[in-house]
Structures are given as structure tokens and as C-alpha cells.
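What follows is one structure encoded as C-alpha cells, with my remarks underneath.
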Amino acid sequence: MMAWRSDFLVFCMLMFFLVSTSSVVLGKPAVLNVKDYGAVADGKTDNSRAFLEAWEAACEQQGTSVITVPRGGKYYVRQVAFTGPCKGSITFLIQADLYAPTDKSSHTLTYWIKFGYVDYLTIAGLANLYGGGPSAWPYKGCGQGQECLQVVPHSLRLEFVNHAWVHHIGSIDAKDKHISIFQCQDVTLSDIRTTAPHDSPNTDGVHIAVSERVKILDSTFNTGDDCVAIFSGSKDVNISQSICGPGHGFSIGSMGKFPDEDPITKINIRNCTISHTDNGFRIKTWAVSSYPTFASDITVQDVMMDNVRNPIIIDQHYCPRGGCDPTVESQVQIKNLQIKRIWGTSTTETAVNLQCSSQKPCQGVELEDILLLFRNPEGGKLQPAVSSCAYVVGSSRGKQVPKPCI
Ligand SMILES: *[C@@H]1O[C@H](CO)[C@@H](O)[C@H](O)[C@H]1NC(C)=O
Ligand SMILES: *[C@@H]1O[C@H](CO)[C@@H](O)[C@H](O)[C@H]1NC(C)=O
């Protein structure tokens, strides 16, 4: 017994020695606290400079470094861009809430917090980013006699970032998009929560363009615009186990507005719940002066829709501000779209609405096991919904309510 104990003791000491020496060999992560760079958590000192200095120090480190915004207090940050390339990988641990500016001159900044040209980045920390949206939204109407803001900051922007993981971060009341991903590769967003009122303008949850291999999971989007919006040049984007609503649903496009737009391909939306939104899943392409490109290899499956205005919609005649020539047809080709195992309620009668282009009919559209009922917002019993198709080539299988139009 004794012998076993001392063996065990030796074993433990050996393990401790190995672990401690290996961490010396591999390098312990350098930990940089923003407070050591002059950050003050009083909610009014601008910490942009302090955060940036911590970043610059981290960026010079080989191996792994961790920047911490420690718990306690509120950090006001006016605007900051964390730019690489950096020598090692960086974890930005945000453990206290960050606050954006709300004065008028801040409304026309193009971003609030931006990471650019970085490889191997983690952003985490269980904190909220308060975007200050209510101060800017009233100016976004562009109504009569009103000042009109065209440019409004995205709260968290990643551009030219590869291998990033953003998790356990909340974004509250962004002035415009909550999170935008541009020209990135291999990005995972998990346990993200975005919150903004249902009528807040352009507050997309996640906005993805020209990016590849993006994964969004275990996240919740309550917002005023699209929960996730996927734009030109996006390839291999998976959304799963996420909740959307209020908001405008999961959206592809609009496409075809500009010449030489890259296609959107390999999009998978799986195991999601969409509740009290304008749209569930939507693809939209411009009606007017549309340029050719395509969207293909898209799967939407195992999605519950609860009180959604347009659960499944393809709109190839998108013309939000009017003045489009209805005889001009979209040049965007939609192909290989699978929609399966979708159930729930629609607040309009047309639950499946596929309006494709007469010039480029949708190809390879497959519907399988759909059960969508019409819940009239004015009351009454649940009724069968209907489907409507124009210029759709494809097939339907399994149980279908409403009756399929292909
Ligand atoms: C998305 O899902 C597909 C199908 O399961 C898989 O082949 C692909 O690698 C996934 N991509 C990402 C970025 O997770
Ligand atoms: C969807 O849910 C099923 C059943 O729980 C699970 O087996 C599958 O891995 C999930 N898929 C994704 C992409 O989350």
C-alpha cells in the first residue's frame, strides 16, 4: 500500500514536472490586461487607445496571447480597429460590457469594433457589446425634412480574418448590422446572441459577404432585420441549432444588383427555429437591371416555423423602393435547392411562395415533408396554407401541406 502511494507520488511529481516544463517549452500564453494599458471601467473614459495598445503588444508576441477586459464596470470604446498580421494567435477575452458612443458624430462611422488581417483569432468572454442603436435609428428613416444617414456603424466587423472563433458574445442594439463578416475564411460563431427591437432598421444579426467556410451554431437572433444575411461571394456557410425571431429570417441576397457578383454556393440551414418573423427562409434577386450570377447547392432542413409571415419564399422580382420595370426579369440562376422537414405556422395563406425568373427558371428545387398551416392573425382556426410557384423546375416528395406546386 505504502509502495503504491509513493509510486503515485512520484508519478504525480513527474507529471507536474512534465506539464510545467512543456509549458515553458511551448510558451505559456502571455496575458495582457487592458487595465495595464490605462483602460478605465467607468463607462465614460474612451478606452480605444488602451485597447489598441494592448492589441499591439499582443500582436508582437509569438505563440498565444490573451487580452483580457476584466470583469467589473463598463468600458466605453469610441471606435477601434485591431489590425494584423500578428506574430501569434490572439484570444480577446471580453469579460465586461463594452459601450459604443451615442453622440451624433458617431453615427456615420463605418464600424465600431473591427478586426482585420488577422489569422487565428478568438473572441469570447460572456460580455455584451452595447451598440448605442437607439441614438442612431431615428435618423435612418430618410423621411421628409429629416436628416438622412447613409452610413451607420456595424458593431463587430471581421474583415480579411482567417481561422476565427467568436463565442459567448452578446450584441445589443447595434446601430446597423450586429456582426459583419467580409473576406474571411474558416470562421465559427457559436453561442452568439443578438438583441434589438423588431422595428430597428437594418440591424442584421450576422451579415456575411465574400467569405468561405463560415459556421454559425447554438445562437439566438432577436433583431429588426435579417437574422443572418448571406451575400455575394459566400461559399460553404452552415447555420445550425439556432433561433431566429423577431427579425426577417435567414436570407440569401439580394443578388444581381451589380455586374460581376460572385455566386453564393453551399449553404446549409439545419435544426433551427424561426419564430414571429417576416420571412423564414428567403432568396431574393433584383428585378431591375439585374446582372447574371447564381445561387446553388442550398439546403434548408429540420426547421420549425412559428407564426412566420412568409415561411419559404423566393422573390426574383425584388424591388423594395418601386420603379422597377415588371417586364425586366432577373438574370440570377437559382439551382439545386432542397427544402425538407419544415413544419409550423404561417401568418399569410401562401406559406410556400417560389417566384422565379422567366429568363432563368429555378432548377433542381426539391420539396420534401412540409407541414405548414395558415394561422390567420385575425383569429379563427388553423387552416391549410397554399403554395404558389412560377418558373420552378423540380420535384416534391413525402408529405406535403400545402399541396406542392411543383
Ligand atoms: C457544412 O455542412 C456540410 C454538410 O454537412 C459539410 O460538408 C461542410 O464541411 C460544412 N461546412 C462548414 C463550414 O461547417
Ligand atoms: C440536427 O439534429 C439532429 C438530431 O438531434 C442531429 O443528429 C444532427 O447532428 C443535427 N445537425 C446539425 C447540423 O446540427
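Quick one: would you say residue 268 is within 16 Å of ligand 1 (Cβ to nearest atom) and either in contact with a helix residue (DSSP H, G or I) (Cβ under 9 Å, 6 or more places away or on another chain) or closer than 14 Å to residue 229 by Cα (or both)?
Working: within 16 Å of ligand 1 (Cβ to nearest atom): yes; either in contact with a helix residue (DSSP H, G or I) (Cβ under 9 Å, 6 or more places away or on another chain) or closer than 14 Å to residue 229 by Cα (or both): yes.
Here the answer is yes, as residue 268 does meet what is asked.
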Exercise for review: Please tell me if residue 149 is more than 17 Å from the chain's Cα centre (by Cα) and either part of a helix (DSSP H, G or I) or buried (at least 17 other Cβ atoms within 10 Å of the Cβ) (or both).
Suggested key: yes
Practice item. Just name the residue that is farthest from residue 90 (Cα to Cα) out of those in the range 113-157 that are modelled with pLDDT under 95 and β-branched (Val, Ile, Thr). Key: 151
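Scan the range 207-234 for residues that are hydroxyl-bearing (Ser, Thr, Tyr) and within 16 Å of ligand 1 (Cβ to nearest atom) and jot them down.
Step one: list which residues in the range 207-234 are hydroxyl-bearing (Ser, Thr, Tyr), which gives 211, 219-220, 223, 232, 234.
Passing the criteria: 211, 219, 234.
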Check your understanding: Filtering the range 255-281 down to residues that are surrounded by 24 or more Cβ atoms within 10 Å (Cβ to Cβ) and more than 16 Å from ligand 2 (Cβ to nearest atom), which residue is nearest to residue 341 (Cα to Cα)?
Key -> 280
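Can you give me the number of residues within the range 355-391 that are aliphatic (A, V, I, L, M) and within 29 Å of the chain's Cα centre (by Cα)? Break it down into steps so the answer makes sense when it comes.
Taking the range 355-391 as the starting set, the residues that turn out to be aliphatic (A, V, I, L, M) are 365, 367, 370-373, 382, 385-386, 390.
Add one more test, that the residue is within 29 Å of the chain's Cα centre (by Cα), and what stays is 365, 367, 370-373.
Final tally of qualifying residues: 6.
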Review point. What's the number of the condition residue 66 fails, among (1) assigned to a strand (DSSP E or B); (2) closer than 29 Å to residue 224 by Cα?
Key: (2)
Practice item. Answer with yes or no whether residue 225 is closer than 18 Å to residue 178 by Cα and in a loop (DSSP other than H, G, I, E, B). Key: yes
Check your understanding: How about the range 364-406: which of its residues are under 29 Å from residue 331 (Cα atoms), charged (D, E, K, R) and either touching a helix residue (DSSP H, G or I) at 6+ places or on another chain (Cβ under 9 Å) or not in a loop (DSSP other than H, G, I, E, B) (or both)?
Key -> 366, 368, 397
Practice item. Please verify whether the range 235-257 includes one or more residues that are in a loop (DSSP other than H, G, I, E, B) and within 16 Å of ligand 1 (Cβ to nearest atom). Key: yes
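A quick yes/no check of all residues on (1) among the hydroxyl-bearing types (Ser, Thr, Tyr); (2) crowded, with 22+ Cβ neighbours inside 10 Å:
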| position | (1), (2) |
| --- | --- |
| 40 | no, no |
| 55 | no, yes |
| 68 | yes, no |
| 106 | yes, no |
| 120 | yes, no |
| 129 | no, yes |
**Study point:** Residue check for residue 158: within 16 Å of ligand 2 (Cβ to nearest atom), under 15 Å from the mean Cα position of the chain (by Cα) and not in a loop (DSSP other than H, G, I, E, B)
**Key:** no
Check your understanding: Can you tell which of 243, 274, 264, 312 is more than 30 Å from residue 381 (Cβ to Cβ) and in the same structural domain as residue 330 (by TED's automatic domain parsing)?
Key -> 264
Exercise for review: Can you work out which of the residues in the range 70-82 that are free of Cβ contacts under 8 Å to residues at least 40 places away in the same chain and assigned to a loop (DSSP other than H, G, I, E, B) is surrounded by the fewest Cβ atoms within 10 Å (Cβ to Cβ)?
Suggested key: 72
Practice item. Output the residues belonging to the range 213-224 that are more than 16 Å from ligand 2 (Cβ to nearest atom) and surrounded by fewer than 24 Cβ atoms within 10 Å (Cβ to Cβ). Key: 222, 224
Exercise for review: Enumerate the pairs (first residue in the range 298-326 and farther than 16 Å from residue 355 by Cα and touching a residue at least 60 places away in the same chain (Cβ under 8 Å); second residue anywhere and in a loop (DSSP other than H, G, I, E, B) and not aromatic (Phe, Trp, Tyr)) with beta-carbon separation below 6 Å, excluding pairs fewer than 6 apart on the same chain, so at least 6 apart or on different chains.
Suggested key: 307/276; 307/347
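Looking at residue 316, is it in a strand (DSSP E or B), surrounded by 24 or more Cβ atoms within 10 Å (Cβ to Cβ), in contact with a strand residue (DSSP E or B) (Cβ under 9 Å, 6 or more places away or on another chain) and among the polar types (S, T, N, Q)?
Values: in a strand (DSSP E or B): yes; surrounded by 24 or more Cβ atoms within 10 Å (Cβ to Cβ): yes; in contact with a strand residue (DSSP E or B) (Cβ under 9 Å, 6 or more places away or on another chain): yes; among the polar types (S, T, N, Q): yes.
Answer is yes for this residue.
The values are calculated or read from the model by the stated rules, or taken from the named source; none is laboratory data. Keep in mind that this is a model prediction, so the values were computed, not measured. Please note: Cβ atoms are built from the backbone with ideal geometry, for glycine as well, and neighbour counts cover all protein chains shown.
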